[in-house]
Structure formats: structure tokens, C-alpha cells
Ligand code: G3P
Ligand code: CA
């Protein structure tokens, strides 16, 4: 059965990577949420996709140059014309505290492929353990060495490799990187690839799928999960497929 992960929350209809988007994902029946994490200047784990706050908030500048206190003043719903009021950038802890009593899975994408945030892996692992969410968490990153590190220090938490272009010799590579799953750009995925991966015990969760036709194709391939900005739409199409 293919699970539905709400990408950055229900980012197609709500301000991405905010509590209001994560709550919406749960409300419409998503199986899990996906979010992105980075570190502030003072080492707090915050939930934001870009390395700067410019695109998604009313502020400007680099996340790693701002203190947590200053970053919290920004409105991550500013680009939605007042529809969602003031939505602060969440701390990862706020999301985990909310998620813990739910049944949701969580994919934490470590955004450390452009900026090598020191201790991001260790801090994130510690927080997941503090909330007892090891079995409902999947770590992913475009930084595959970071995933190998996580799998080594926290073997109880699943890891997955994110990528845009098809991997050369994926089966050898994934073993070297100690990953449990592959998170490919969905256009690179074929039915044969999914079958080959799953035969080896590897989960395949393509991103980011918003169009019904592509959703139907992925459901037919039997991928383990899809990432979508539109979890409600995905639920509807899954029921029809
Ligand atoms: O985890 C899937 C997807 O989120 C990766 O790409 O750029 O949306 O973080 P991006
Ligand atoms: Ca992401």
C-alpha cells in the first residue's frame, strides 16, 4: 500500500513548513508529513526549506546568520495575503511534540547539502529519541554522507537518499551509503526500478507528485509512499485507483 506524505505539510494549500500546514495534513488523512530542517546561528533546529528566509517569510537573510529569537519574529505565512495570520517558523521540537500522540510518520529532510551545519545530525537524532519517534521517522538528504553518518550513529532510524538524476549502479551505492530507502525525483522512476528496489528490501518514495496522472502511475507501480503538496487530492486518487 502506498502511503501519502504531505510535502512541507500540505504546501499546495497552506504555508509550507508551518504548524498550520502540518495540522491540515493530518486533518485530510495523510499518513505522514515531510519537512526540512536547518540550524540557526545559535544552534536551534528550525523547520524551513531554503537556506534564506526571503522566499517564504517577511524577512531576509540567511537562516544560519539569525538567532532563533529573531527568526521566530518572522511570519512564514506572509506570502498568503493574511489568510493564515502570523505563522512562526517552527522549531523541530514543536512539530515532534505535536506529532507524537498522532499516528503520523515523519520524514525529516536534513538540508545540509549546501551548508554543512555542524551537529545537525546529532541534534536531530537526539530530539527524535527524546520523543520516542524512532520507528515513525525517516531521515533523508541530498547529502548522502550525512545519511550514512546518521545510520551509523542511530541504526534504529531509517534513512533514505534523495536524488534528482538516476543513480549509477544504485544497488551497490545504496549499500555503501547504508540507506534503507531511495527518494528519487518521480520522473526517473519506472515499474522495473520499483520492483528491483523492493526485492532488495529498499523502500521507494518519489517526490514531488501533484498531478493526478502521475499519482495514478506511482500508485500502479506500488511505490512505498509519495510526497505531495496536495494530500487531500492524493487520498482521493488513491481511493479511485
Ligand atoms: O523529500 C522530498 C523533497 O522534499 C525533496 O526536495 O526541494 O522539496 O526539499 P525539496
Ligand atoms: Ca524537502
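What follows draws every value from the coordinates through simple rules; no lab data is involved. Keep in mind the model is a prediction, meaning the values are calculated, not measured. Every residue, glycine among them, receives a Cβ derived from its backbone with ideal geometry; neighbour counts consider all protein chains shown.
If a residue must be surrounded by fewer than 19 Cβ atoms within 10 Å (Cβ to Cβ) and away from ligand 1 (no atom under 12 Å from the Cβ), how many such residues does segment 154-169 contain? Before the answer, list the steps.
Of the residues in segment 154-169, the ones surrounded by fewer than 19 Cβ atoms within 10 Å (Cβ to Cβ) are 155-156, 163-169.
Restricting the remaining residues to those that are away from ligand 1 (no atom under 12 Å from the Cβ) gives 155-156, 165-169.
Summing the residues that are surrounded by fewer than 19 Cβ atoms within 10 Å (Cβ to Cβ) and away from ligand 1 (no atom under 12 Å from the Cβ) in segment 154-169 gives 7.
Take the conditions on the phi > 0 side of the Ramachandran plot and either away from ligand 1 (no atom under 15 Å from the Cβ) or within 13 Å of the chain's Cα centre (by Cα) (or both) and apply them to residue 32. Does it pass?
Details: on the phi > 0 side of the Ramachandran plot: no; either away from ligand 1 (no atom under 15 Å from the Cβ) or within 13 Å of the chain's Cα centre (by Cα) (or both): yes.
Here the answer is no, as residue 32 does not meet what is asked.
Taking the criterion of being away from ligand 2 (no atom under 16 Å from the Cβ), part of a helix (DSSP H, G or I), over 19 Å from the mean Cα position of the chain (by Cα) and surrounded by 14 or more Cβ atoms within 10 Å (Cβ to Cβ), would at least one residue in segment 94-104 satisfy it?
no
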